[in-house]
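The structure under discussion appears below in the form of structure tokens.
The values are calculated or read from the model by the stated rules, or taken from the named source; none is laboratory data. None of the values given here were measured: they were computed from a predicted structure. We place every Cβ from the backbone using ideal geometry, glycine too, and count neighbours over all the protein chains shown. All accessible areas refer to the heavy atoms of the entire protein, side chains included, with ligands and DNA or RNA removed. Shrake-Rupley method; radii C 1.70, N 1.55, O 1.52, S 1.80 Å.
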Amino acid sequence: MRRSLIDLDDLSAHEIEYLFERTTAFERKAPSRLLDGVACVNMFFEQSTRTYTSFNLAELRLGAQVVNLAPKDLSLATKGETVEDTVITLAAMGVQVLVVRHPEAGFPKRLAMAFDGHVVNAGDGAHAHPTQALLDIFTLREEFNELRGLTVAIVGDVLHSRVAHSTMLGLIGLGVDVVLVGPECFLPTGHAIAGARIERDLDAVLEHAHALILLRIQRERFETMPLTDAEYVASYRLDHARLSRLRPQTIVMHPGPYNRGMELDDSVLEFAGWRYARQVMHGVYVRMAVLDFLVNGQR
Ligand code: NCD
């Protein structure tokens, strides 16, 4: 089986370090055509603006041949073809990389088992989103250099967030004190917490956190909202008053898309420590580093 990236624990600490070195190098100087002629197929079975554009740009900037398959164009959707047969077909055409987003947790893994090539998980259900985790961690590193000993609060609908899952996996591995903050209905339990702390009260963490990662309420992943919007806003929205209680160097991040009025208000978008645009910018280069690493190996 060739190298794929399904979740962050597919990478060793060494390899993550290597990916960050490459990301930094690519940001300084655009690399030459490291994926010259490599055929990449992007399959996004769920809406996406950032991740879709980011992977496309990463592939194009590395000189890859890029095909975007919308779900409605796939024979497996309507013509009874199995996932396994789809990937056999694509491999026979010389496709080497599949980037896949799917609402079902585990779908990219299934593809990877059947595909004679590399699969990159661009988000599967509430399971994982490893390239988002890498760009989040890269953004934190840019800010703080050494992550060990920092306190990072992940705030909101942690339970349904694949970003929270993957980012916290990475941060805990790097010695970060991760605090999951939200109402009980949005917090994971048991082994899913995996070394993080739980805090229901956002106001109790504001003065201690070095970084806040805000999350969107993932309404498409549950039936009925377990609390009212007004209750959520009162306890968890980051607004002017809460921003004023942060330490001077604290940064605020968000994987996007953010919902103004729910998890944040407009004052966050003007806050000096708001790092959303940095995250998005790093995302393209992190994905270039991942694609080069999977296809060409470590240099
Ligand atoms: C997230 C996703 O789709 O997992 N966004 C992203 O990829 N940057 C988060 C979300 O949908 O809220």
**OP:** Using the heavy atoms of the protein chains and a 1.4 angstrom probe, tell me the accessible area per residue for segment 179-295 in square angstrom.
**Re:** 45 Å²
Original post:
Using Cα atoms only, what is the angle between the long axis of helix 130-144 and the major principal axis of the chain, expressed in degrees (0 to 90) to the nearest 10?
Top reply: 50 degrees
Subject >> Dipole magnitude (debye, nearest 20) for segment 1-49, charges at Cβ of Lys, Arg, Asp, Glu >> reply: 360 debye
Original post:
Could you give me the ³J(HN,Hα) list for segment 149-165, computed from phi with Karplus coefficients 6.51, -1.76, 1.60 and θ = phi - 60°, whole Hz, x at Gly and Pro?
Top reply: x, 6, 10, 10, 9, 9, 10, x, 7, 5, 4, 9, 9, 5, 5, 4, 4
**OP:** Note down the magnitude of the dipole of the chain about its Cα centre, charges +1 on Lys and Arg C-beta and -1 on Asp and Glu C-beta and zero elsewhere, to the nearest 20 debye.
**Re:** 680 debye
Subject >> segment 189-278 - percent of accessible surface contributed by carbon and sulfur, probe 1.4 Å >> reply: 50 percent
Original post:
Once a ≥ b ≥ c are taken as the square roots of the eigenvalues of the Cα gyration tensor of segment 165-299, is the result rounded (a/c under 1.5), prolate (a/b larger than b/c) or oblate (a/b not larger than b/c)?
Top reply: prolate
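Once you order the gyration tensor axes a ≥ b ≥ c over the Cα atoms, which shape class does segment 122-165 get: rounded for a/c under 1.5, otherwise prolate or oblate by comparing a/b with b/c?
Since a/c reaches 1.5 but b/c is at least a/b, the shape of segment 122-165 is classed as oblate.
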**OP:** Pick out which of Pro188, Pro255, Pro71 has the largest mean-square fluctuation in a Gaussian network model of the chain, springs linking Cα atoms closer than 10 Å.
**Re:** Pro71
**OP:** Grab the DSSP H runs of the chain that are 4 residues or longer, score each as -39,500 (n - 2.57), total them, divide by all residues and round the 222 nm result to the nearest 500 deg cm²/dmol.
**Re:** -11500 deg cm²/dmol
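Counting heavy atoms of the protein chains only and a 1.4 Å probe, report the per residue accessible area for segment 16-114 as a whole number of Å².
So segment 16-114 comes to 50 Å² accessible per residue, rounded to a whole number.
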Original post:
For segment 130-279, what's the relative contact order in percent, using C-alpha pairs closer than 8 Å and at least 6 residues apart?
Top reply: 24 percent
Original post:
Going through segment 109-152, which GluC sites (Glu not before Pro) have at most 14 other Cβ atoms within 10 Å and a DSSP loop state?
Top reply: Glu146
Original post:
Of all DSSP beta bridges located in the chain, what percent are antiparallel, nearest 5?
Top reply: 5 percent
Subject >> Cα centroid separation - segment 120-171 against segment 3-24, whole Å >> reply: 13 Å
Original post:
Where is the GNM fluctuation largest for the chain (alpha-carbon springs, 10 angstrom cutoff): Thr189, Thr89, Thr228?
Top reply: Thr228
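Give me the dipole magnitude in Debye, nearest 20, for segment 130-279 about the Cα centre, with unit charges on the beta carbon: positive for Lys and Arg, negative for Asp and Glu.
Working: 15 positive and 20 negative charges, 72 e Å.
Approximately 340 debye in magnitude.
I'd like the trypsin sites (Lys or Arg not before Pro) in segment 80-178 restricted to DSSP loop residues with at most 10 other Cβ atoms within 10 Å, sorted by number. Please report the intermediate quantities before stating the final value.
Working: sites: Arg101, Lys109, Arg110, Arg141, Arg148, Arg162; in loops: Arg148.
In loop regions of segment 80-178 (DSSP not H, G, I, E or B), the sparsely surrounded trypsin sites (Lys or Arg not before Pro) are Arg148.
Does the chain come out rounded, prolate or oblate by the C-alpha gyration tensor, with a ≥ b ≥ c the root eigenvalues, rounded set by a/c under 1.5 and, if not, prolate when a/b is larger than b/c and oblate if not?
Here the chain falls in the prolate category.
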Subject >> Burial order of peptide ranges 31-37, 259-265 (average beta-carbon count within 10 Å, highest first) >> reply: 259-265, 31-37
